[in-house]
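Step one of this worksheet: look at the structure below.
The values are calculated or read from the model by the stated rules, or taken from the named source; none is laboratory data. All figures in this text were calculated on a predicted structure; none of them were measured in a lab. Cβ placement follows ideal geometry from the backbone for every residue including glycine, while neighbour counts extend to all protein chains displayed. SASA here: full protein model, heavy atoms, side chains in, ligands and nucleic acids out. Shrake-Rupley method; radii C 1.70, N 1.55, O 1.52, S 1.80 Å.
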Amino acid sequence: MALVSSTSLLQTARQNKYAIGAFNVHTLEMLQAVVEAAEEAQSPLIIQSTVGTVKHLGADYIAAAATVASNRASVPIALHLDHCSDFAVIMSCIRAGYTSVMIDASHSPFEENVAITQKVVEAANAIGINVEAELGKVGGVEDDIVVDERDALLADPAECAEFVERTGVHTLAPAIGTAHGIYKGTPNIDFDRIKRIADVVSVPLVLHGGSGIPEEQVKRAVSLGMAKMNVATELRIIFSDAIKAVFAENPEENDPRKYMVPAKQALKKAAMEKMQLCGCAGRASDFR
């Protein structure tokens, strides 16, 4: 089937109290791995690319590969641009065929964030694609966006409600104590804040920094209203470690297929485990 907007996917996920795994990919093999995982798990899927990956591979290349994968698949797949603060890059991805984009103006003052997000929502609404925005600041590193832990501000529920009302944004990523990258200790997630935001915001919520969050915390966050969970760093590590293992055993290996296949298999396994954790495994039937 063709690539779909993530809006209806996430609305359905929130209504049914599960989350959809959103996986950042950086190579064709990574993209294939998460699609194969979704097929086997019969899970809806959101494929994501960062701005850095768009600049590395090209939005048209990524969209073309995702379109081929989606056309071959029996499960619904959306293609999302993660954490972008550049309107020109967002528009280039929309033109290339992305079905979801994230405008991240969370580092700007509230009124400026509203105005920037409104502009992106207006453009996206013209062709029916999803827009995600962020309030507060999620700590850690995402491409070249760095938020020091001391500066990571949690989202205010009242501001979240006002932001969604004024912008018309389709999904919201509120800062609730998670961080990008791998956690040094147990994440300090503010579950009460998730509930208070979910109580006043009708749109699906997005859990950023999903790499390495303990299972019980993921399940609790999902039960409170998180309908999308982003996973990036953990997948890169698993993929890279599988390649390193091949070279550790055979340093002279020079056939990319010999190290990409094990990496792809390792990533597929990890993605399927995340789908089970989020509760989206077996939920592709919700969209038939």
Pull up the stretch 212-243, narrow it to residues that are among the hydroxyl-bearing types (Ser, Thr, Tyr) and open to solvent by 40 Å² or more (accessible area, probe 1.4 Å), then point me to the one that is farthest from the chain's Cα centre (by Cα). SER240
How about the stretch 195-211: which of its residues are open to solvent by less than 30 Å² (accessible area, probe 1.4 Å) and either more than 18 Å from the chain's Cα centre (by Cα) or over 23 Å from SER5 (Cβ atoms) (or both)? ILE197, ALA198, VAL201, GLY209, SER211
Among the residues of the stretch 93-107, which ones are at pLDDT below 95 and surrounded by fewer than 17 Cβ atoms within 10 Å (Cβ to Cβ)? HIS107
Can you tell me which of (1) more than 20 Å from HIS26 (Cβ to Cβ); (2) at pLDDT 95 or above; (3) over 20 Å from the mean Cα position of the chain (by Cα) is the one ARG288 doesn't meet? (2)
Out of THR67, THR117, sole residue that is open to solvent by 50 Å² or more (accessible area, probe 1.4 Å), at pLDDT 95 or above and over 23 Å from ARG236 (Cβ atoms): THR67
Residues that are surrounded by 15 or more Cβ atoms within 10 Å (Cβ to Cβ), in contact with a Gly (Cβ under 7 Å, 6 or more places away or on another chain) and among the charged types (D, E, K, R): does the stretch 252-273 have at least one? no
With the first residue restricted to the stretch 74-90 and required to be among the acidic types (Asp, Glu), and the second required to be outside any strand (DSSP E or B), Cβ contacts under 6 Å at 6 or more apart or on different chains are ASP82/THR50
First in the stretch 156-169 and closer than 12 Å to GLU111 by Cα, second anywhere and aromatic (Phe, Trp, Tyr), Cβ under 7 Å, 6 or more apart: GLU159/PHE110
Filtering the stretch 154-176 down to residues that are farther than 30 Å from ALA126 by Cα and either surrounded by 20 or more Cβ atoms within 10 Å (Cβ to Cβ) or at pLDDT 95 or above (or both) yields ILE176
Could you say whether any residue in the stretch 56-68 is in contact with a Gly (Cβ under 7 Å, 6 or more places away or on another chain), hydroxyl-bearing (Ser, Thr, Tyr) and within 30 Å of ALA281 (Cβ to Cβ)? yes
Exactly one of these conditions fails for ALA124: (1) of a type in the set (Gly, Ala, Ser); (2) modelled with pLDDT of 95 or more; (3) open to solvent by 10 Å² or more (accessible area, probe 1.4 Å). Give me its number. (3)
Could you please let me know if GLN11 is under 16 Å from MET275 (Cα atoms), surrounded by fewer than 22 Cβ atoms within 10 Å (Cβ to Cβ) and touching a residue at least 60 places away in the same chain (Cβ under 8 Å)? no
Filter the stretch 21-50 for residues that are touching a Gly at 6+ places or on another chain (Cβ under 9 Å) and open to solvent by less than 10 Å² (accessible area, probe 1.4 Å) and give the result. GLY21, ALA22, VAL34, ALA37, ALA38, SER43, PRO44, LEU45, ILE46
